[in-house]
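To start, the structure under review is shown below, and the notes come after it.
Read-outs throughout are calculated quantities, based only on the coordinates presented, and are distinct from any laboratory measurement. If you're wondering where the values come from, they're calculated on a predicted model, not measured in any experiment. Glycine gets a Cβ as well: all are built from the backbone with ideal geometry, and neighbour counts include every protein chain shown.
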Amino acid sequence: MNNSNTISQPMFSPRALVALAVPIVLDALLAIAAGLVDSAMVSSAGEAAVSAISLVDSLNIMFILLFNAVTTGGVVVTSQYIGSRDIDKARTSANQLLYGSTAIATVLMLSLLCFIPQVISLVYGRIDAAVFENAKSYFFWTLLGYPFFAVGSSCTALLRAQAKSAAALWLTGAVNILNVIGNALLIYGFDLGVAGAAISTTFSRVIWAVVGLLMLHNKSLQVHFEKLLNLRLDMDIMKRVMTIGGANGLENGLFQMGKILVASLVSSFGTIAIAANSVANTLCNIGWTTIGSFGTVLLTVVGQCMGAREVEQAKRYTKKIVNFCIILTVVLFGSVFLFRNQLVSIFDFGKEALDASAYITGAGALLTICSVYAWSFVPVAAYRAAGDTKYAVVLAVSSMFTFRVGLSYVLGHFLQMGLIGVWIGMWADWTCRTVFNYFRFRNGKWLTKKVI
């Protein structure tokens, strides 16, 4: 293992880092743009439709994160095998990644299809009848796309693991554009409302899966699928994938559960609050997703560095990327704050809902900057890529339920601060993560773990 006194060739030149990062960031921005266009289209169906999609998407994200966590585990293992130049095992781990994520997604889909009304009622209690009916329709159609999402996500992640982020951008970009076209056709052309939005989303995920499989069967790629239909399980590699993926899935699942508890609290504030919260989350997500995309960069960079036993390089690249993200956070969220009124105007709401949306969006942008958001989430990807999974779970769960859930209920419900109390709870959660992640980076314990 290399130490600080060892001089070694950099694994990623500045140009290579830019070539890896730019398509990933553009991919994130394209997805956000597509999401904004989708939301604006659906808003023409009324506040009940937007509220229903917001509530169901919180559920979808929670369940998707469960099977998508296996993808993260597979990427870490595959990246480390690439770094150690064991390409045969890298290809084997790619197959195991696809098997695991698709199996979990299919089981979830079949289970949830039987209990759609019950799941919505259990999580959100009594909500407006129009919101409830829209939510049932949207949930049904999006559930059908779960297995295809798992396949498409696995293929995209494997392209990024071998630094083929431009190809991944082409794949996901085409799918996002297809989804926007489908929404326009089904929402405006056939007047299908939320059902049209959901059908378009599911259809685009089917195309994502099919094209992704075709791309990953290309033998010119260093890591590609081989003999998938033979369904051969490598229990040693699968165990490594599931160890990281399982911890990541537990973290993400509990994290999203906490978000749903908060969404349930927000739903008690009324339709205007739900709509304002949805708009603020959608707009702030421009920055959150862009910053978070650099975590995807670190999965590949740190994974390959740790596989090659270049520990100091892993630390150096992590610090460099996080510092860049701090500057980017100020630029992005400063812009969201300054142009909040213009941004919320793209939504087809009444004046009261637009005013509430602008206020919460501005507050959310300032709170994000004050929390030093980049340290809250980006370095966790580096820790995970190095195999430091337990720390990420403990921090995420404890901070989430103490601040984002606990403090939100205290401020929002008991002290009757409403929606702004919820966002202050989120700020406290981010700030807690920032402090602990910074000291975790400094003490270097995350660099002592072993994956392969």
| note | Total charge of the residues flanking Leu221 in space, meaning their Cβ is under 10 Å from its Cβ, with Lys and Arg +1 and Asp and Glu -1, is +3
| note | Ordering 262-270, 365-373, 299-307 by per-residue average of other C-beta atoms within 10 angstrom, highest first, gives 299-307, 365-373, 262-270
| note | Rounded to the nearest 10, the angle in degrees between the Cα long axis of helix 311-338 and the longest principal axis of the Cα atoms of the chain comes to 20 degrees
| query | Given the rule -39500 (n - 2.57) for each run of at least 4 DSSP H residues, summed and divided by the residues of the chain, what is its mean residue ellipticity at 222 nm, to the nearest 500 deg cm²/dmol? | reply | -27000 deg cm²/dmol
| query | How do 344-351, 98-105 rank on mean C-beta neighbours within 10 Å, highest first? | reply | 98-105, 344-351
| task | Could you work out the local net charge near Ser267, counting Lys and Arg as +1, Asp and Glu as -1, over the other residues with Cβ closer than 11 Å to its Cβ? | result | 0
| said: Could you work out the relative contact order of segment 14-448? I mean the mean sequence separation of Cα pairs under 8 Å and 6+ apart, divided by the number of residues, in percent. | reply: 22 percent
| query | Modelled label-to-label distance, Val22 and Phe414, 7 Å Cα→beta-carbon offset: nm? | reply | 5.2 nm
| message | Taking a cut-off of 29 Å, what percent of all Cα-Cα pairs in the chain are separated by more than that? | response | 46 percent
| note | Longest principal axis of the chain (C-alpha) makes with the long axis of helix 351-370 (C-alpha) an angle, in degrees to the nearest 10, of 30 degrees
| query | Modelled label-to-label distance, Leu185 and Cys370, 7 Å Cα→beta-carbon offset: nm? | reply | 4.7 nm
| query | Which net charge results for the neighbourhood of Ala396, defined as the other residues with beta-carbon distances under 14 angstrom from its beta-carbon, given Lys and Arg at +1 and Asp and Glu at -1? | reply | +3
| Hey, what angle do you get for helix 193-216 against the long axis of the chain, alpha-carbon based, 0 to 90 degrees rounded to 10? | 10 degrees
| note | Violations at 26 Å Cα threshold for listed pairs Lys219/Lys315; Lys219/Lys319; Lys320/Lys445; Lys227/Lys390; Lys239/Lys319; Lys136/Lys259 -> Lys219/Lys315; Lys219/Lys319; Lys227/Lys390; Lys239/Lys319
| segment 305-452 - convex hull of alpha carbons, volume per residue in Å³ | 119 Å³
